[in-house]
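This report refers to the structure that appears directly beneath it.
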Amino acid sequence: MKQKSQLRRQAAWPRQRGLSLIEVMVSITIGMLVVAAMALLFANNSRVRSETERASTKIENGRYALELLSNELQHAGLRGNLTPREVPLPAANPPPCSTDIAELTAAIVVPLLGVDNMALANALSCVSGYKSEADVVVVRRAATCANGAAGCMAYVPGAPVFQASSCSSATELGGADPSNWFRLSTDTAGMDLHRRDCTTAAELRKYFVRIYFVAPNDSAGDGIPTLKRAELGAGGFTTVSLVHGVEDLQLEYGLDIDADGDPDVYSPDPDRYCAAAAPPIAANECWTTVVSAKLHLLARNTEPSAGHTDSKQYVLGRAADAVSGVSAAQIVRGPYNDRYKRSVFEALVRLENVSARRATP
């Protein structure tokens, strides 16, 4: 009896020697669901990370471009020891792309020049591939450091170089002729001015003529809008790319009408304002009254965002009134209806070297 009872228990609970087909299929299905969930999570995280990187790059590029332009405008009109109040104005504003030393010397008292969009074709012979609807700004100044100083950009022979005298000797200054108080040349051999002791040679500084503009491409046909700079050097103007993703640039200039160093009116087109002012401001004097500038910059991602459509409009300052030239209707860009995300960056910049000199009695 005992043996039969044991046999019945063994028959009721047979030993398990593997998985059934159903169990295997269930296990595989659960595993596939887990893998699919992990893959979806990874893909979403990767997409979010990529989008975050694109947004960070856009913000970084926009801020850097704004800072770069702001710093350049703040240094506009830097001329070492030269106080240009007595230096006469040129008969007319020299062309932005001039490489003639005589014209550059005459333009030394015109540290800033804006080129509004409709005037680009005739003004910028040294620049190609620019966006005609964006503004262009030309900055003229000496370097902030002397040639050969530690950390100073190396001077390239044949490039424009500037020297100002601190010596009060009538012999060196040549009487009351301000043209004797400084030198601007591509030949350092002719630099013969001195410091205050009238014995030590005055420092030499690189002289910059820099043209900032927006191009629709970095390289031909790549579709990456880029802030670029054309700079005068030993062989003429050379263009370099500065910041990717900068799609538009608009400026409004603050003009100091009463000569106290502070802006009295803002105009996107000072030439038009000066011509319409009562009384009119001479064309060769107009840009010397600019003491500040409002920068409006539109930056976008360099890569499209999947599933995004840019239906927004962007305000980039104000356009010039057709009659008075003062800031009037808003400049609106968009909607672009593409897959790029955009942001507007703005700054108000004071031209320290210009405004301080005009405020000094």
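Does the range 98-109 contain any residue that is under 24 Å from ARG342 (Cβ atoms), within 23 Å of the chain's Cα centre (by Cα) and not aliphatic (A, V, I, L, M)? Write out each step before concluding.
At the first step, the residues of the range 98-109 found to be under 24 Å from ARG342 (Cβ atoms) are none.
No: zero hits.
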Residues of the range 195-219 classified as open to solvent by 40 Å² or more (accessible area, probe 1.4 Å) and out of contact with any helix residue (DSSP H, G or I) (no Cβ under 8 Å at 6 or more places or on another chain), total: 11
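Would you mind listing the helices (runs of 4 or more DSSP H) fully within the range 1-118 where at least 3 residues are at pLDDT 75 or above, among the small types (Gly, Ala, Ser) and touching a strand residue (DSSP E or B) at 6+ places or on another chain (Cβ under 7 Å)?
Numbers: elements: 2-12, 21-74, 101-106.
Passing ranges, in order: 21-74.
So which residues in the range 224-256 are under 18 Å from ALA134 (Cβ atoms) and part of a loop (DSSP other than H, G, I, E, B), if there are any at all?
Restricting attention to the range 224-256, the residues satisfying the condition of being under 18 Å from ALA134 (Cβ atoms) are 224-230, 239-253.
Result: ILE224, PRO225, GLY245.
Pick from ARG358, ARG339: which is surrounded by fewer than 16 Cβ atoms within 10 Å (Cβ to Cβ), charged (D, E, K, R) and at negative phi? Walk me through it before giving the result.
Numbers: ARG358 fails: surrounded by fewer than 16 Cβ atoms within 10 Å (Cβ to Cβ).
Selected residue: ARG339, the only one of ARG358, ARG339 that is surrounded by fewer than 16 Cβ atoms within 10 Å (Cβ to Cβ), charged (D, E, K, R) and at negative phi.
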Whichever residue in the range 220-253 is open to solvent by 10 Å² or more (accessible area, probe 1.4 Å) and among the small types (Gly, Ala, Ser) and, among such residues, is nearest to VAL265 (Cα to Cα): SER241
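Just to check your reading of the model, which residue among GLY221, GLY175 is farther than 24 Å from GLY80 by Cα, in a loop (DSSP other than H, G, I, E, B) and modelled with pLDDT under 95? Let's see the steps before the verdict.
Values: GLY175 fails: farther than 24 Å from GLY80 by Cα.
Result: GLY221 is the single residue among GLY221, GLY175 that is farther than 24 Å from GLY80 by Cα, in a loop (DSSP other than H, G, I, E, B) and modelled with pLDDT under 95.
The values are calculated or read from the model by the stated rules, or taken from the named source; none is laboratory data. Remember, predicted model here, so these are calculated numbers, not experimental data. Virtual Cβ from ideal backbone geometry, glycine too; neighbours counted across all protein chains shown. SASA here: full protein model, heavy atoms, side chains in, ligands and nucleic acids out. Shrake-Rupley method; radii C 1.70, N 1.55, O 1.52, S 1.80 Å.
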